[in-house]
Structures are given as C-alpha cells and as structure tokens.
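The next block holds one structure in the form of structure tokens; read it before the comments.
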Amino acid sequence: MVTGSVISFRKHFWTSSFPIEALLYNCEGCEGVCTRTSKLIHSQDDLREFHDELTRLEKEGEWIFIAYYELPTFA
C-alpha cells in the first residue's frame, strides 16, 4: 500500500532522495486486464534499472501509468 506523497507522474523521474516507490499499471493482451504493480527503489542504480525496464515495457505496450511516491521517513 502506498503511504507517501505523490512526487511525480513523469515516466523518467530523477531524484537523490531515497527510498521512493513507483506505482504502475500493466495491461495484459487485448482483454484490457490491468494489474497494479509497485516497485520500491532504493538508489540511483535501482532507478536507472527501473527506467530501462519502463522503456522495454513501453515498446511492448505493457504499461499505461506511473506515479512516484516519496515514502515517509521514520526517525
């Protein structure tokens, strides 16, 4: 469950504040069945790999929406 605040709706988002959570919807085939997927991103390397994955999914027509959330920090 997403508990943070939305910080971006852009496909390629850059930040130096981690962790963040990416939320996207994947649709399978022509049926239009969509599944919400969440990805926790801990570093710049994770974010770069996630952007590469989004590029691949976009070419395959599998993702339709993405939002990035800043997770609350606990002291």
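Restricting the search to segment 12-42, which residues are in contact with a strand residue (DSSP E or B) (Cβ under 8 Å, 6 or more places away or on another chain) and at pLDDT below 75? Full working, then the answer.
Pass one, segment 12-42, residues in contact with a strand residue (DSSP E or B) (Cβ under 8 Å, 6 or more places away or on another chain): 13, 15, 17-28, 33-41.
Once the filter is applied, which keeps residues that are in contact with a strand residue (DSSP E or B) (Cβ under 8 Å, 6 or more places away or on another chain) and at pLDDT below 75, segment 12-42 yields Cys27, Glu28.
Under the condition of being among the aliphatic types (A, V, I, L, M) and out of contact with any Cys (no Cβ under 7 Å at 6 or more places or on another chain), which residue from segment 43-75 is modelled with the lowest pLDDT?
Let us first name the residues in segment 43-75 that are among the aliphatic types (A, V, I, L, M), namely 47, 54, 57, 64, 66-67, 71, 75.
Still in the list and also out of contact with any Cys (no Cβ under 7 Å at 6 or more places or on another chain): 47, 54, 57, 66-67, 71, 75.
Numbers: Leu47: 91, Leu54: 85, Leu57: 80, Ile66: 80, Ala67: 83, Leu71: 79, Ala75: 50.
The extreme case among them is Ala75.
If you take the residues of segment 32-48 that are within 16 Å of Leu71 (Cβ to Cβ) and aliphatic (A, V, I, L, M), which of them is surrounded by the fewest Cβ atoms within 10 Å (Cβ to Cβ)?
Leu40
Among the residues of segment 39-54, what is the count of those that are under 13 Å from Leu24 (Cα atoms) and without any contact (Cβ under 8 Å) to a residue 12 or more places away in the chain?
Total satisfying the criteria: 1.
Mind checking which residues of segment 7-26 are outside any strand (DSSP E or B) and surrounded by fewer than 15 Cβ atoms within 10 Å (Cβ to Cβ)? Outline the logic, then answer.
As a first pass, look at segment 7-26 and keep what is outside any strand (DSSP E or B): 9-19.
Passing the criteria: Phe9, Arg10, Lys11, His12, Trp14, Thr15, Ser16, Ser17, Phe18, Pro19.
Kindly provide the set of residues from segment 49-75 that are of a type outside the set (Ser, Thr, Tyr) and either part of a loop (DSSP other than H, G, I, E, B) or closer than 13 Å to Phe18 by Cα (or both), ordered by number. Lay out the reasoning, then the answer.
Keep residues of segment 49-75 that are of a type outside the set (Ser, Thr, Tyr), which gives 49-54, 56-67, 70-72, 74-75.
Within segment 49-75, Gly61, Glu62, Glu70, Leu71, Pro72, Phe74, Ala75 qualify.
The values are calculated or read from the model by the stated rules, or taken from the named source; none is laboratory data. Just so you know, these numbers come straight off a predicted model, no measurement behind them. Don't worry about glycine lacking a Cβ; one is built from the backbone with ideal geometry, like all the others, and counts go over all protein chains shown.
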